[in-house]
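Read through the structure below, which is laid out as structure tokens, and then see the notes.
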Amino acid sequence: MTTATLTNPDLEATQDTEALAEEFLTRYQRMSRAERRSIARRATPEQRETLAAIERDLALKRSPGSMSAILTDGKEKQARHLDLIDRVFRDIARGHSRKVLITMPPRHGKSRRAARWAPLWYLSRHPDHRVMIASYSADLADDHGRWIRDAIVSYGPQIGLYLHTGSKAANRFDLADADGNRLEGGLVTAGVGGGLTGKGAHLAIVDDPIKDAADAESPTMRRRLWDWWTSVLNTRVEPGGSIIVIQTRWHEQDLAGKILEGEDADDWIRLDLPAICDSDDDPLGRKLGEALWPLRYGRKALEKIRKAVGERVWWSLYMQKPRPLEGGVWKWPWITDNRITPMAFRGIDLTRTLVAVDQAGGEGDTHDETGIIGAGRTAEGHSYVLADRSRNMGADVWGHEACRLAIELHADAFVVEDNFGGDQSAQIIRQAWKDLERSGETKGLLMPRIIPVHAKQGKKLRAEPIAQLASQGLIHHVGEFPRLEGQLITWLPGMSSPDRMDAYVHALTELADPAQDGLGTQHYSDQRLRGRR
């Protein structure tokens with residue numbers, strides 16, 4: 001790099017040589033902003049152009065946020081709490097070994113900064129280091145890796161990063177120098193619970209290790225996460241390496257909770273950032289009651305969110321203070337104390353079996369799931385939840401899914417909510433059954449009768465009788481259904497109930513009346529229920 005002579009009394013006049021330019025650059029980087037501005041004011045237009053290039057290079061190296069602002073021409077959002085994340089990465093990039101736990105609300109830019117721009121910036125500072133990124137699913141972790149890889153392709157020459165031609169996968173890639181020679185540095189991604197084989201990491205980033213409340217409330221899922229944390233991720237960190245965990249709090253015993261209770265809790269730096277400041281030792285120095293990102297989520301916006309999600313979700317996800325499940329409609333012991341294994345279920349004779357469907361409004365991330373629940377009942381009045389096939393899917397998919405579950409369970413009826421779709425849901429099921437019949441999948445079984453449900457009562461009034469049966473030990477889950485059970489436990493009156501929970505309530509409401517044979521007021525003329533499980 002060469003620099004023209006600067007007309008500045010603080011610097012000796014130099015000839016346009018590379019050695020003197022390098023000397024000037026070293027001195028310039030150590031100057032304060034005021035000193036650099038003073039030089040710029042005295043510089044010639046040609047010299048200012050050179051200084052602008054130097055300033056841009058300094059900004060690219062300063063922090064993840066500064067890099068993102070330069071490369072996106074100022075479009076990347078910046079805020080005080082994102083500056084705090086930047087400082088964590090700058091500290092680690094300087095060679096300090098750190099364990100940092102950052103807890104903050106959803107939709108506040110944590111993943112984009114901590115799992116994308118920050119790793120990109122860190123690799124630009126240390127292209128000989130390896131970074132690991134883990135998230136609740138391999139797909140999400142791969143998305144982060146793909147974004148970083150593509151950013152290197154787009155911005156590589158500007159930030160001094162290049163991909164090695166033989167290693168460019170989204171979930172694992174190696175770096176190279178400008179001549180294409182392989183370097184030691186690179187990146188690997190994995191979902192929580194997945195493997196992290198290969199080379200170790202100088203920096204491990206765990207971003208959003210928990211998908212949702214269902215996973216957080218499931219003891220099995222929490223145990224799997226902790227086993228992965230102790231036996232996989234921690235074993236891959238290089239001596240002197242650093243770990244950053246950044247998440248939204250979901251449960252008292254989620255990953256952050258376990259870390260804070262662990263033997264090495266004192267080794268962790270905790271940056272707790274609730275949506276609204278509620279303590280005097282706030283990491284950002286906020287005043288009590290001050291919002292975390294007021295330009296994006298002010299107090300009025302946060303109050304609306306609080307009313308929409310309910311108190312438990314508010315205190316967990318937004319205030320980072322998860323509380324025990326109290327005051328909800330369902331209680332954990334009602335589920336866990338009455339759960340049975342599939343092996344034990346083999347000795348149970350069912351008099352009725354059905355599949356309940358609660359149709360979502362549409363397909364895609366902006367719509368709810370379609371609830372598909374399989375359940376049965378014994379002559380003694382005990383109900384058994386047999387399957388949960390709920391997920392986000394369109395009508396061309398859910399009809400076949402419901403029918404296949406009915407075939408698998410030898411169901412005698414479909415229970416379908418018709419509040420919004422009228423006869424549409426019934427028509428979807430009939431058409432799907434015909435399709436499976438033509439393909440031979442129905443195996444000669446008669447199509448189960450369709451029982452329409454028009455839910456006139458409020459969700460609380462519909463759910464409470466079923467919760468009462470659960471409290472009496474009359475409802476048994478055959479195995480674990482983490483998503484469904486998490487929704488049941490976290491649901492509070494006033495909240496919008498998920499479709500899989502509604503399907504669950506429809507199924508058990510239909511099974512709860514011993515006088516019903518599945519027709520509401522009629523009986524099957526073909527005697528299909530006689531003697532069946």
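The values are calculated or read from the model by the stated rules, or taken from the named source; none is laboratory data. For clarity, every value in this text was computed on a predicted model and none was experimentally measured. Reconstructed Cβ throughout: ideal geometry from the backbone, glycine too, with neighbour counts over all protein chains shown. Surface areas here come from the heavy atoms of the whole protein model, side chains and all, with no ligands, DNA or RNA. Shrake-Rupley method; radii C 1.70, N 1.55, O 1.52, S 1.80 Å.
Looking at region 297-393, the helices (runs of 4 or more DSSP H) lying wholly inside it that each contain 2 or more residues that are exposed (fewer than 14 other Cβ atoms within 10 Å of the Cβ) and modelled with pLDDT under 90 sit at 299-309, 332-336. Using the structure shown, decide if Ile210 is of a type in the set (Val, Ile, Thr), closer than 21 Å to Gly145 by Cα and at pLDDT 95 or above. The answer is no for Ile210.
Applying the criterion of being basic (Lys, Arg) and over 25 Å from the mean Cα position of the chain (by Cα) to the residues of region 266-293, the residue that is surrounded by the most Cβ atoms within 10 Å (Cβ to Cβ) is Arg286.
Consider region 15-65 and keep the residues that are β-branched (Val, Ile, Thr) and buried (at least 16 other Cβ atoms within 10 Å of the Cβ). The one that is modelled with the lowest pLDDT is Thr50.
As a summary of the residue check, Gly74 satisfies the conditions (1) part of a loop (DSSP other than H, G, I, E, B); (2) at pLDDT 95 or above except for the one numbered (2). For region 30-52, the set of residues classified as over 18 Å from Arg62 (Cα atoms) and over 45 Å from the mean Cα position of the chain (by Cα) consists of Ser38, Ile39, Ala40, Arg41, Arg42, Ala43, Thr44, Pro45, Glu46, Gln47, Arg48, listed by residue number.
Residues in region 184-204 that are closer than 13 Å to Pro127 by Cα, modelled with pLDDT under 95 and open to solvent by 10 Å² or more (accessible area, probe 1.4 Å): Glu184 only. Those residues that are of a type in the set (D, E, K, R) and either surrounded by fewer than 20 Cβ atoms within 10 Å (Cβ to Cβ) or part of a strand (DSSP E or B) (or both), I need them from region 211-265; list them, please. Within region 211-265, Lys211, Asp212, Arg223, Arg224, Asp227, Glu238, Glu252, Lys258, Glu261, Glu263, Asp264 qualify. Candidates in region 395-419 are the residues that are in contact (Cβ under 8 Å) with a residue 60 or more places away in the chain and either touching a Ser or Thr at 6+ places or on another chain (Cβ under 7 Å) or not aliphatic (A, V, I, L, M) (or both); of these, the one that is most open to solvent (accessible area, probe 1.4 Å) is His410. On the stretch given as region 156-168, residues that are in contact (Cβ under 8 Å) with a residue 12 or more places away in the chain and either part of a loop (DSSP other than H, G, I, E, B) or open to solvent by less than 50 Å² (accessible area, probe 1.4 Å) (or both) total 6. Taken together, the criteria place Ala118 among residues that are touching a residue at least 12 places away in the same chain (Cβ under 8 Å), touching a Phe, Trp or Tyr at 6+ places or on another chain (Cβ under 6 Å) and either of a type in the set (S, T, N, Q) or surrounded by 21 or more Cβ atoms within 10 Å (Cβ to Cβ) (or both). Among residues of region 121-155 being of a type in the set (Ser, Thr, Tyr) and under 20 Å from Thr248 (Cα atoms), the one that is surrounded by the most Cβ atoms within 10 Å (Cβ to Cβ) is Ser135.
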